[in-house]
Each structure stands twice: as C-alpha cells, then as structure tokens.
C-alpha cells in the first residue's frame with residue numbers, strides 16, 4: 001500500500017483528498033489543509049479526522065511528515081511554496097497541478113490573466129514539483145475550453161473536473177512508477193506575476209471586448225473589476241457585449257443610459273457595454 005501525504009484545500013483539493021481516501025491502494029496518513037474559517041475563494045471545510053491538520057502551512061509540519069515516511073506527496077489547491085527538504089523527502093516525488101499549458105503561463109493568477117487576454121482554451125497540467133515554481137516534469141494535461149460567456153467560476157469548475165480526470169488517468173501509473181515524465185525547458189514559456197488591485201481597474205478607453213474579459217476574469221469568487229461611471233466607483237461582476245452602439249460622440253466611461261432593470265449602458269472606446277451586476281463603492 002502506498003503511503004501518501006496530501007497538502008491542499010479548496011474545491012479541487014477536496015476532490016483529490018476524496019479520491020485518495022477512497023483508493024484501496026492508498027494509506028492517506030497525513031493531510032495539511034486550511035483552517036475551517038479560511039476566507040480563501042472556493043474554500044471547503046475538510047473533515048476533522050486523525051491526521052488532518054488545519055494550519056494552512058505545510059512547511060511547519062516537516063517533522064510530522066518525515067515521521068510518516070510517505071512514498072508520495074500530492075498538492076492541490078495550495079499557494080504556499082514547499083521548501084526543498086519537503087520536496088526531496090518522498091521517493092516517488094511531489095506531484096501537483098497548475099492551470100495552464102505548461103511551460104506557458106507559469107506563476108500566479110494565471111486563469112485571470114488568460115481570461116482577460118481572451119484565451120479560448122487552456123489546460124490543467126499535472127506535474128512533478130522541483131525547486132523551480134511550475135517548472136517540473138509534466139505528467140499529463142487536460143484541455144479546458146474557455147467560452148466567451150464563461151466567467152472565472154465556470155473555468156474553476158472545469159478545473160475541478162479536469163483534476164478528477166487527471167487523477168483517474170495518471171494516479172495508477174504514478175503508483176506503479178510508470179507515469180510519463182516530460183521535461184520542461186525552463187528557457188521556453190512564460191511567467192505570470194500575481195495580480196494586484198491595480199489590475200482590477202477598468203480603463204473605459206479600451207475596446208468593449210477587453211473590458212468584458214477583465215470583468216469575467218475577476219468576478220465572483222474574486223474581488224471584481226472596479227470602474228468609474230459618472231464620477232462614482234463601482235464594483236462590477238457581470239456585463240454584456242452589445243451589438244449596437246449608443247452615444248457615438250460621448251467620452252469613454254460616460255453613462256449613456258440606465259435601463260428599466262437597473263443595468264447601465266456605458267461608453268467604451270469602440271462602442272458600449274451593458275453593466276448588469278454591480279454595486280457602488
């Protein structure tokens with residue numbers, strides 16, 4: 001029986017946890033997850049069981065993990081970088097997931113960047129950890145389609161489905177030591193920085209599609225886009241592209257009309273955008 005440590009949380013982490021716990025070939029002896037009162041987006045409360053530690057910091061539990069002597073560590077739904085002592089511990093390695101077509105879009109906030117930039121598809125990559133963030137050998141990738149009407153929560157749901165698919169496909173191979181190992185060329189690909197509040201601000205001088213993409217990239221469960229309309233700041237979490245244009249001679253950012261349902265028509269560089277779900281700040 002394979003001795004496995006799981007480090008993770010959120011909805012995708014719970015999927016991996018449930019898969020491992022129900023697998024008859026796995027001894028899931030130690031789990032590190034987030035506290036029950038975590039405010040992380042898509043947080044899921046894990047069961048209060050022996051071996052489940054809810055500290056939010058895996059690196060603080062190296063001695064406990066060492067004492068379990070795991071064959072494998074799996075990470076999902078976790079933002080902490082693991083130190084090298086932990087990475088070097090299990091003989092079958094440390095395995096994790098990243099929502100991009102590695103080697104492209106390594107780093108942070110990658111789904112939001114991809115949606116904002118109009119990607120039509122991405123992937124969830126299952127890979128071996130090394131000392132380069134998102135730089136380890138690739139086990140497999142599951143393609144994820146990004147449709148024009150998909151918001152970030154829709155893509156996160158697709159990541160959850162892809163997580164289970166990758167576990168079902170590759171975990172038996174990992175257990176038997178025959179999983180693929182495709183080396184990444186660190187000189188190839190791209191790296192994304194962590195988004196900040198500045199990246200949430202709408203510039204109405206951009207085209208409608210660019211603003212629409214920004215809004216859907218950081219909608220619930222994330223903070224939402226911020227736009228100034230008529231001198232007031234609004235948190236905006238849903239919008240609609242319009243096929244017709246109002247106020248051709250108006251300055252971008254101008255409130256053109258308020259509709260019967262309370263939604264707003266706002267001028268952009270190349271047309272108008274209907275703002276449908278918003279709150280005044």
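Taken together, the values in this text are just the output of simple stated rules run on the coordinates, not laboratory data. What you see is a predicted model; the values in this text were computed from it and never measured. Don't worry about glycine lacking a Cβ; one is built from the backbone with ideal geometry, like all the others, and counts go over all protein chains shown.
Treating r as the C-beta distance of residue 1 and residue 149 and R0 as 41 Å, the FRET efficiency rounds to 0.35. By definition, a body whose alpha carbon gyration tensor gives a ≥ b ≥ c is oblate when a/c is 1.5 or more and a/b is not larger than b/c, and the stretch 152-201 fits this oblate description. Sorting the segments 67-77, 220-230 by their mean number of nearby beta carbons within 10 angstrom, highest to lowest, gives 67-77, 220-230. When you restrict to C-alpha pairs under 8 Å that are six or more residues apart and normalise by the size of the chain, the relative contact order lands at 14 percent. Label-to-label distance for residue 69 and residue 132 is 3.4 nm, based on points extended 7 Å past Cα in the beta-carbon direction. The Cα atoms of the stretch 197-280 give a gyration tensor whose axes a ≥ b ≥ c have a/c of 1.5 or more with a/b greater than b/c, which makes the shape prolate.
Classify the stretch 95-235: rounded, prolate or oblate, from the alpha-carbon gyration tensor (a ≥ b ≥ c, eigenvalue square roots; a/c under 1.5 rounded; otherwise prolate if a/b is larger than b/c)? The shape class here is prolate. By the count of other C-beta atoms within 10 Å, a proxy for reagent exposure, 211, 186 are ordered fewest to most as 186, 211.
Rounding to the nearest 10 and keeping the result within 0 to 90°, find how far the Cα-based axis of helix 10-22 lies from the longest principal axis of the chain. So the helix axis and the longest Cα principal axis differ by about 30 degrees. A protection proxy built from the mean count of other Cβ atoms within 10 Å ranks the segments 267-276, 160-169, most packed first, as 267-276, 160-169. To the nearest ten degrees, helix 208-217 and the longest principal axis of the Cα atoms of the chain are 40 degrees apart. Axis of helix 152-176 versus longest Cα principal axis of the chain: the two differ by about 20°, to the nearest ten degrees. Note on the stretch 139-161 and the stretch 233-281: Cα centroid distance 27 Å, given to the nearest whole angstrom.
Our summary gives the stretch 66-199 a relative contact order of 26 percent, counting only alpha carbon pairs under 8 angstrom and 6 or more residues apart. Beta bridges per DSSP, both residues in the stretch 122-266: antiparallel share near 95 percent.
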